[in-house]
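> Would you mind keeping the following structure in view while I ask a few things?
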Amino acid sequence: MTRPYATDEQYERWSMADCCRCGRRRHKAGTWPDGYVCRTCSDRAVRTRGICPGCGRDRALHGLRPSDGAPICTTCAGFSQTFDCSRCGFEGKLLRGRLCERCTLTDRLTALLDDGTGHIRPALVPLFDLLVAMDKPRSGLAWLEMRRGQPGNASQLLRRLGLGQVPLTHDAFHELQPWRAAAHLEELLMTCGVLPAVDKHICSFQRWLPGHLAGIADPEHVKTIRLFATWRVLPRLRARAERSHITPSVRRFAAEQIKYATAFLQWLGERNSTLASCGQIDIDAWYAENTEHGRTCLRAFLNWAVQGRHCRRSLSIPAMKVSRRAALSEDERLDALGRLLTDAEIPMRLRVAGVIVLLYAQPVSRIVRLSVDDVIRVGETVLLRLGDPASPVPAPVADLLLEHIANRDNMNTATTPASRWLFPGRRAGQPSRPDHLSALLNEVGVPAAAARGAAIRQQLLELPAPVVADALGYHDKTTSRLIREAGGTWSRYAVGDHTDDHAHARTCACGT
């Protein structure tokens, strides 16, 4: 005789109860000394750690003291069950087999990275060590479960890596789909040293280019665009990466150069012309029909074609126009600065980034490259290293900056627990994206470009251009040009160090 299914009323009576912690009627996760607890309150309690006010030991604080509701350990609270991991003894959240989250993550990764011999593939041991040591192993478990059952999820990619089905090369990762999961795993492998370090934006461009070429119908156009990308665009990107770093806008502009070069070749075909036969009248017609952005993007391709003799060398390419954005007024700058210092509703990272823009005229692309090591404490004084010497930080801003460092977000992924970035990003070992941070600043009323223009203008009106250049990391030619545009009076200030020590050294050298 089959057992009848429980009715809704019976299920409600057996499985649900009023939670003693939050008071809501939810599924029962267990019965604790203070009553039934729901899953949400149970998960929150088992992850609470600290010094127990009852026994003074550093433990997980699952229970509540009846007198004041303070979190206490299971022993002081009178728990009958334990929450110790059956393998490592760690007290906390337990999963299947009464294993803690870290041991569960270790087992999952060991199985995924197994090379078929019962051992982790030797080349992937650094990746295994990196993931197992992450600060919050539940984030790693969530990453492995993401898109479960769908092709190309993290677990499937790791299994293919373990079996050697994916070569440990950048080119192999550029062909994997979905590209976001592959890109994240590629960055993890670069962080732990399994793959050589390559700028992520160069990887992104190389991943995008084959798909773009596949969409071009004319084989001659494909050949021309591949040559342009190989011998002009990619070398420029690599040189930029070696010199400093590539921003998302630089990567985007490189792709747009390819797109406009492709559109130009197709446009020539519609006019029954080719790159080799196009004349000045074709160039002028293209410039007349397109926006300034389109003209700017095409210049690199035309210059490359002329220099490489892919078209006539007598072609004249119009000069590029430079547009300047209006800066904030001084009142607007001070108003925005005061709001960032006092408005606790604005996220901390945006307050700190906005203050750095408004006070020190730093572009967002440079702000995201700052590390916690650039914040220097000398006694009670806080300095921010933007140039040489480091710039002093006013007291209200210093408090805000130190609070941000102590509570940085995006610190839960595999590589960020030891991250030194002042603004860690969500991607492994990477800072925040400057375009994303700039958009968020704009949403809270701090347009980055206009705010930076107002800040540098005010700095140049108060200090000599060479001093501002050294302190804020600008080129002295840039600050000299800006001071002339602002009508300042420091244009004749001599470049160099004017401290008393250097003056004394020059006096001694002269013998006077």
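The values are calculated or read from the model by the stated rules, or taken from the named source; none is laboratory data. From a predicted model like this one, the values you see are computed outputs, not experimental measurements. We place every Cβ from the backbone using ideal geometry, glycine too, and count neighbours over all the protein chains shown.
Residue-by-condition table, conditions (1) in contact (Cβ under 8 Å) with a residue 60 or more places away in the chain; (2) in the same structural domain as Arg180 (by TED's automatic domain parsing):
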position: Gly193; (1), (2): yes, yes
position: Gly211; (1), (2): no, no
position: Arg226; (1), (2): no, no
position: Pro248; (1), (2): yes, no
position: Ala263; (1), (2): no, no
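> Hey, could you check segment 371-380 for residues that are of a type outside the set (Val, Ile, Thr) and either at pLDDT 90 or above or not in a loop (DSSP other than H, G, I, E, B) (or both) and say which is nearest to Val444 (Cα to Cα)?
Of segment 371-380, the ones of a type outside the set (Val, Ile, Thr) are 371, 373-374, 377, 379-380.
Then drop every residue that is not either at pLDDT 90 or above or not in a loop (DSSP other than H, G, I, E, B) (or both), which leaves 371, 373-374, 377.
Working: Ser371: 24, Asp373: 27, Asp374: 25, Arg377: 29 Å.
Applying the filter and picking the extreme gives Ser371.
> Let me ask something else. Just checking: which of the helices (runs of 4 or more DSSP H) contained wholly in segment 174-245 hold 3 or more residues that are within 29 Å of Trp267 (Cα to Cα)? Steps first, please.
Numbers: elements: 179-191, 200-214, 219-228, 234-243.
Because the criterion is at least 3 residues that are within 29 Å of Trp267 (Cα to Cα), the helices (runs of 4 or more DSSP H) in segment 174-245 that meet it are 200-214, 219-228, 234-243.
> What number of residues within segment 231-246 are of a type in the set (A, V, I, L, M), buried (at least 16 other Cβ atoms within 10 Å of the Cβ) and free of Cβ contacts under 8 Å to residues at least 40 places away in the same chain? Outline the logic, then answer.
Looking only at segment 231-246, we keep the residues that are of a type in the set (A, V, I, L, M), and these are 233-234, 237, 239, 241, 246.
Going one step further and asking which of them are buried (at least 16 other Cβ atoms within 10 Å of the Cβ), we end up with 233-234, 237, 241, 246.
Pick out the ones that are also free of Cβ contacts under 8 Å to residues at least 40 places away in the same chain and you get 234, 237.
Qualifying residue count, segment 231-246: 2.
> May I pose another question? Please pick out the residue among Leu350, Leu341, Leu358, Leu337 that is under 14 Å from Leu440 (Cβ atoms) and either in contact with a Cys (Cβ under 7 Å, 6 or more places away or on another chain) or modelled with pLDDT of 90 or more (or both). Please lay out each step first, then the result.
On the way: Leu341 fails: under 14 Å from Leu440 (Cβ atoms); Leu358 fails: under 14 Å from Leu440 (Cβ atoms); Leu337 fails: under 14 Å from Leu440 (Cβ atoms).
Matching residue, one of Leu350, Leu341, Leu358, Leu337: Leu350.
> Name the pairs whose Cβ atoms lie under 7 Å apart, with the first residue in segment 292-308 and crowded, with 19+ Cβ neighbours inside 10 Å, the second among the polar types (S, T, N, Q) and modelled with pLDDT of 90 or more, and 6 or more positions between them or separate chains?
Cys297/Gln257; Ala300/Gln257; Phe301/Gln257
> What about Thr117, is it buried (at least 18 other Cβ atoms within 10 Å of the Cβ), not aromatic (Phe, Trp, Tyr) and not assigned by TED's automatic domain parsing to the domain that holds Arg427? Lay out the reasoning, then the answer.
Values: buried (at least 18 other Cβ atoms within 10 Å of the Cβ): no; not aromatic (Phe, Trp, Tyr): yes; not assigned by TED's automatic domain parsing to the domain that holds Arg427: yes.
No, not satisfied.
> Considering only segment 134-143, I want to know if a residue exists there that is surrounded by fewer than 18 Cβ atoms within 10 Å (Cβ to Cβ), over 25 Å from the mean Cα position of the chain (by Cα) and not β-branched (Val, Ile, Thr).
Looking for residues that are surrounded by fewer than 18 Cβ atoms within 10 Å (Cβ to Cβ), over 25 Å from the mean Cα position of the chain (by Cα) and not β-branched (Val, Ile, Thr), one finds none in segment 134-143, hence no.
> Being under 19 Å from the mean Cα position of the chain (by Cα), free of Cβ contacts under 8 Å to residues at least 60 places away in the same chain and either under 21 Å from His170 (Cβ atoms) or not assigned by TED's automatic domain parsing to the domain that holds His170 (or both), is that true of even one residue in segment 274-285? Before the answer, list the steps.
First, pick out the residues of segment 274-285 that are under 19 Å from the mean Cα position of the chain (by Cα): none.
No, because not a single residue in segment 274-285 is under 19 Å from the mean Cα position of the chain (by Cα), free of Cβ contacts under 8 Å to residues at least 60 places away in the same chain and either under 21 Å from His170 (Cβ atoms) or not assigned by TED's automatic domain parsing to the domain that holds His170 (or both).
> Determine which member of the set Arg65, Arg39 is charged (D, E, K, R), over 28 Å from Trp14 (Cβ atoms) and either in the same structural domain as Arg26 (by TED's automatic domain parsing) or modelled with pLDDT of 90 or more (or both). First the steps, then the outcome.
Values: Arg39 fails: over 28 Å from Trp14 (Cβ atoms).
When all the criteria are applied, what remains is Arg65.
> Moving on. Among the candidates Ser391, Ser329, single out the residue that is among the polar types (S, T, N, Q), in contact with a Phe, Trp or Tyr (Cβ under 9 Å, 6 or more places away or on another chain) and at pLDDT 85 or above. Before you say what the answer is, go through the steps one by one.
Values: Ser329 fails: in contact with a Phe, Trp or Tyr (Cβ under 9 Å, 6 or more places away or on another chain).
Every option except Ser391 fails the conditions.
> Report yes if Ala29 is surrounded by 13 or more Cβ atoms within 10 Å (Cβ to Cβ), over 17 Å from Pro71 (Cα atoms), under 38 Å from the mean Cα position of the chain (by Cα) and not polar (S, T, N, Q), otherwise no. First the steps, then the outcome.
Values: surrounded by 13 or more Cβ atoms within 10 Å (Cβ to Cβ): yes; over 17 Å from Pro71 (Cα atoms): yes; under 38 Å from the mean Cα position of the chain (by Cα): yes; not polar (S, T, N, Q): yes.
Yes; evaluated as a whole, the condition is true for this residue.
> Another question, if that's okay. Identify all residues within segment 242-272 that are farther than 15 Å from Leu298 by Cβ and at pLDDT 90 or above; write none if there are none. Before the answer, list the steps.
Residues of segment 242-272 farther than 15 Å from Leu298 by Cβ: 242-252, 269-272.
Val250, Arg251, Arg252, Gly269, Glu270, Arg271, Asn272, listed by residue number.
> Taking the condition touching a helix residue (DSSP H, G or I) at 6+ places or on another chain (Cβ under 7 Å), surrounded by fewer than 15 Cβ atoms within 10 Å (Cβ to Cβ) and either modelled with pLDDT under 90 or more than 16 Å from Ser80 (Cα to Cα) (or both), does Cys55 pass?
Working: touching a helix residue (DSSP H, G or I) at 6+ places or on another chain (Cβ under 7 Å): yes; surrounded by fewer than 15 Cβ atoms within 10 Å (Cβ to Cβ): yes; either modelled with pLDDT under 90 or more than 16 Å from Ser80 (Cα to Cα) (or both): yes.
Taking the combined requirement at face value, the residue satisfies it.
> Tell me, yes or no, whether segment 433-446 has at least one residue that is assigned by TED's automatic domain parsing to the domain that holds Leu400, surrounded by fewer than 22 Cβ atoms within 10 Å (Cβ to Cβ), modelled with pLDDT of 75 or more and more than 24 Å from Glu332 (Cα to Cα).
yes
> So, one more: Return the residues of segment 441-475 that are in a helix (DSSP H, G or I) and touching a Gly at 6+ places or on another chain (Cβ under 7 Å); say none if nothing qualifies. Show your work before the answer.
Quick first cut of segment 441-475, residues in a helix (DSSP H, G or I) only: 441-443, 448-462, 465-472.
Hits for segment 441-475 are Leu441, Leu460, Leu461, Asp470, Ala471, Leu472.
> Here are the criteria: (1) farther than 21 Å from Leu213 by Cα; (2) in a helix (DSSP H, G or I); (3) in contact (Cβ under 8 Å) with a residue 12 or more places away in the chain. Tell me which single one Trp267 does not satisfy.
Unmet for Trp267, out of (1) farther than 21 Å from Leu213 by Cα; (2) in a helix (DSSP H, G or I); (3) in contact (Cβ under 8 Å) with a residue 12 or more places away in the chain: (1).
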